[in-house]
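Below is one structure; the comments refer to it alone.
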Amino acid sequence: MKKHYTILILILGLHLFFLVNLRFTAWPEMFAFPYIKNHEYLLYKDMLHMYPPLLTLALSYFFKFFGHSLILLKAFSWLLILSTNLLIYFVTREVVDKNAALIASAFFVLTQPFLEGNTLWFEFLVAPFVLLGLFFLLKSRKAVKTKNIFLAGFFLALAFTTKQAAAVFFAIPIVYLIFKKDLKSLWRYLFGGLIVFGALFVRLLQEKQVSDFWFWVFEYPGKHWMKFPGNIEFPNSQALLTIGLILLPTIMLAAKRKLFGKNFLLVATFLLASLLLAYPRFSFFRLQPVLALSAVSAGYVWSKMKLSKEQVFFYAFFVFALVALPILGDNWGKEARFYTLKDVQLAEAITNLTNKDDKIYLQGIHSGVYEMAGRIPPKPWVDNHPWYFAAPGVAEWVLEGWGEDPPSYIFAKEPSHSEKINAFIEENYEESGSLDDNIAIWQIKN
């Protein structure tokens with residue numbers, strides 16, 4: 001057993017080694033959302049935040065306690081990723097055995113860091129919650145205990161409060177328990193979810209954000225955002241080939257249905273559902289639940305199909321050659337995306353040009369610069385992305401706030417995606433200079 005855990009620690013160490021040395025992507029929203037939230041902005045009334053609140057709230061408390069910095073964002077991200085890998089081990093051990101669990105953990109190391117995985121996004125928090133929910137669902141099959149099915153509902157509800165598309169995971173056990181006519185377990189499961197949803201509703205009610213939450217998280221993405229040209233992106237042929245390679249263990253087992261156990265059927269159902277999280281804009285970093293559940297599947301296949309070590313090593317080498325090697329050369333030791341020396345210099349220039357109490361607005365400049373410069377935008381804040389202005393009334397909502405509390409400076413690399421905001425700027429601001437990279441400085445008229 002000691003040797004077994006030593007191997008697990010080595011696998012996790014290798015995972016961390018790749019993460020530390022590969023290029024990190026510091027998505028601007030992962031700084032801007034919690035940073036602005038920490039300046040007494042409500043997520044849905046004072047800014048456009050089209051996701052459920054859990055990740056942003058977690059980051060806001062983390063940054064408030066430890067401070068804002070790139071290394072802290074990396075630490076938060078890596079701890080979350082390694083926790084996901086550890087959960088893959090325990091779920092696979094629950095489905096099969098400890099040897100298969102090591103295979104699953106190693107499989108995750110071969111894929112996750114190299115498929116846009118050295119970053120933080122909403123799916124990165126969804127993945128561990130889905131694994132925890134799955135773990136307690138599997139436990140409830142072995143021993144019918146109230147706490148197992150309750151905890152499954154609790155953790156899958158947390159996945160839903162991280163990203164709305166994760167509702168599909170919460171729905172799967174409901175359908176299964178209704179089909180089984182196991183109403184006692186169904187009520188226990190729903191009660192676990194009710195604890196989470198109830199806490200969220202009470203918080204939104206206290207902040208008078210219920211209608212705002214509904215609009216930005218559900219109505220706006222469903223009615224407006226997805227209709228914006230270019231927002232629906234499907235994987236290209238190379239991406240489909242990579243996905244096929246990752247799903248190969250599951251496909252192999254599907255050809256031998258007699259090897260399917262009830263536990264693996266549940267894993268496969270969750271895996272199929274996880275593919276939906278990549279819609280409507282495909283990116284590999286949105287596939288964290290897919291990669292995690294595929295790792296569980298790989299461990300199961302290794303055990304049930306009695307593959308030889310040579311076959312396993314050949315497949316692992318093939319995955320590493322096609323997935324990892326192309327990334328290593330281009331991303332090894334590179335500075336973080338969206339937190340480059342150039343970004344830092346721009347933020348310093350904005351800090352030097354403005355006073356601490358000045359509110360600013362960035363156009364065509366990524367929102368992470370707010371945190372880097374130590375400045376905040378006026379309420380309400382809408383990041384300058386074209387799809388954010390796809391919904392009618394968004395520009396008017398912004399300008400209503402600006403009428404009472406306009407930004408002192410606007411730093412514009414490009415015009416606003418709203419003609420009404422452009423007109424407001426031309427009427428109420430004067431161009432007072434420029435920064436490098438063709439960034440115009442607009443200062444409010446006296």
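Rule-based calculations on the coordinates, nothing more; no lab input. Keep in mind that what you see is a predicted model, and the values were worked out from it rather than measured. Neighbour counts run over all protein chains shown; Cβ positions are idealised from the backbone, glycine included.
As a ratio to 2.2 N^0.38 Å, the alpha-carbon radius of gyration for the range 341-444 is 1.00. Taking the charge dipole of the chain about its Cα centre, with +1 at Lys and Arg Cβ atoms and -1 at Asp and Glu Cβ atoms, the residue from 382, 287, 340 reaching farthest to the positive side is 287. Pairs of Cα atoms nearer than 8 Å and 6+ residues apart set the relative contact order; for the chain it is 21 percent. A Gaussian network model of the chain, with springs between Cα atoms under 10 Å, assigns the largest mean-square fluctuation among 130, 344, 175 to 175. Answer with a single label: of (1) 77, 52, 40; (2) 73, 52, 46; (3) 86, 41, 39, which was calculated as Cα extents along the principal axes in Å from the structure in view? It is the value labelled (1).
Return one number: the angle in degrees, 0 to 90 and rounded to the nearest 10, between the long axis of the Cα atoms of helix 341-353 and the longest principal axis of the Cα atoms of the chain. Once rounded, one gets 30 degrees.
Using a Förster distance of 51 Å, how high is the FRET efficiency between residue 195 and residue 236, based on the Cβ-Cβ distance and rounded to 0.05? Working from the Cβ atoms, E equals 0.75.
Which GluC sites (Glu not before Pro) does the range 166-253 hold that lie in a coil by DSSP with at most 16 other beta carbons within 10 Å?
Numbers: sites: 207, 219, 233; in loops: 207.
Taking the range 166-253 and a limit of 16 other Cβ atoms within 10 Å, the loop GluC sites (Glu not before Pro) found are 207.
Across the range 258-300, the relative contact order, built from alpha-carbon pairs under 8 Å that are at least six residues apart, equals 45 percent. Spin-label pair residue 206-residue 313: with each label point 7 Å from Cα along the Cα-Cβ axis, the two points sit 5.8 nm from one another. Largest mean-square fluctuation among 101, 32, 58, in a Gaussian network model of the chain whose springs join Cα atoms under 10 Å apart, belongs to 58. Computed extension length for residue 174-residue 39: 44.7 nm, one decimal, from 0.36 nm per residue of separation with the Cα-Cα distance subtracted. Its DSSP H runs of at least 4 residues, each contributing -39,500 (n - 2.57), put the calculated 222 nm mean residue ellipticity of the chain at -19000 deg cm²/dmol, to the nearest 500.
Determine the alpha carbon to alpha carbon distance for each of 74/342; 64/342; 64/334; 223/342 and list only those over 31 Å.
On the way: 74/342 19 Å; 64/342 26 Å; 64/334 28 Å; 223/342 37 Å.
223/342, as the Cα separations exceed 31 Å there.
Taking the number of Cβ atoms within 10 Å of each Cβ as an exposure proxy, the fewest-first ranking of 93, 188, 281 is 281, 93, 188. For the range 160-169, putting each phi into the Karplus relation 6.51 cos²θ - 1.76 cosθ + 1.60 with θ = phi - 60° gives couplings of 5, 7, 9, 8, 4, 5, 6, 4, 4, 5 Hz, in residue order, rounded to whole numbers and with x for Gly and Pro.
Note on the chain: with charges restricted to the Cβ of Lys and Arg (+1) and Asp and Glu (-1), its dipole about the Cα centre is near 3460 debye. The label point for residue 358 and the one for residue 431, both projected 7 Å from the Cα toward the Cβ, are 1.8 nm apart. Amide H contacts of residue 22: 333, each under 5 Å away and 5 or more positions distant or on a separate chain (H built 1.01 Å from N in the peptide plane; Pro and chain starts excluded).
Between residue 381 and 47, 48, the built amide H atoms are under 5 Å apart, and every one of these is 5 or more places off in sequence or on another chain.
In order along the range 37-49, phi translates into HN-Hα couplings of 4, 6, 9, 6, 9, 7, 4, 10, 8, 10, 7, 8, 10 Hz, rounded to whole numbers, per the Karplus curve 6.51 cos²θ - 1.76 cosθ + 1.60 with θ = phi - 60° and x for Gly and Pro.
Can you give the FRET efficiency to the nearest 0.05 for residue 262 and residue 325, using r as the Cβ-Cβ distance and R₀ = 35 Å? That pair, residue 262 with residue 325, gives E of 0.40.
For 408, 237, 432, what's the fewest-to-most ordering of other Cβ within 10 Å of each Cβ? Numbers along the way, then the final one.
Details: 408 18, 237 7, 432 12.
Fewest-to-most ranking of 408, 237, 432: 237, 432, 408.
Per-residue 3J(HN,Hα) values for the range 78-83, derived from phi via the Karplus relation 6.51 cos²θ - 1.76 cosθ + 1.60 with θ = phi - 60°, read 5, 5, 5, 5, 5, 5 Hz in sequence order (x marks Gly and Pro).
Applying 0.36 nm per residue to the separation of residue 141 and residue 405 and subtracting their alpha-carbon distance, the gain on full extension is 89.3 nm. Build a GNM of the chain with springs between Cα atoms under 10 Å apart, and of 239, 157, 268 the one that fluctuates most is 239. Gain on full extension, evaluated as 0.36 nm per residue between residue 279 and residue 72 minus their Cα-Cα distance, stands at 71.6 nm. The residues 382, 202, when put in order of fewest to most other Cβ atoms within 10 Å, stand as 202, 382.
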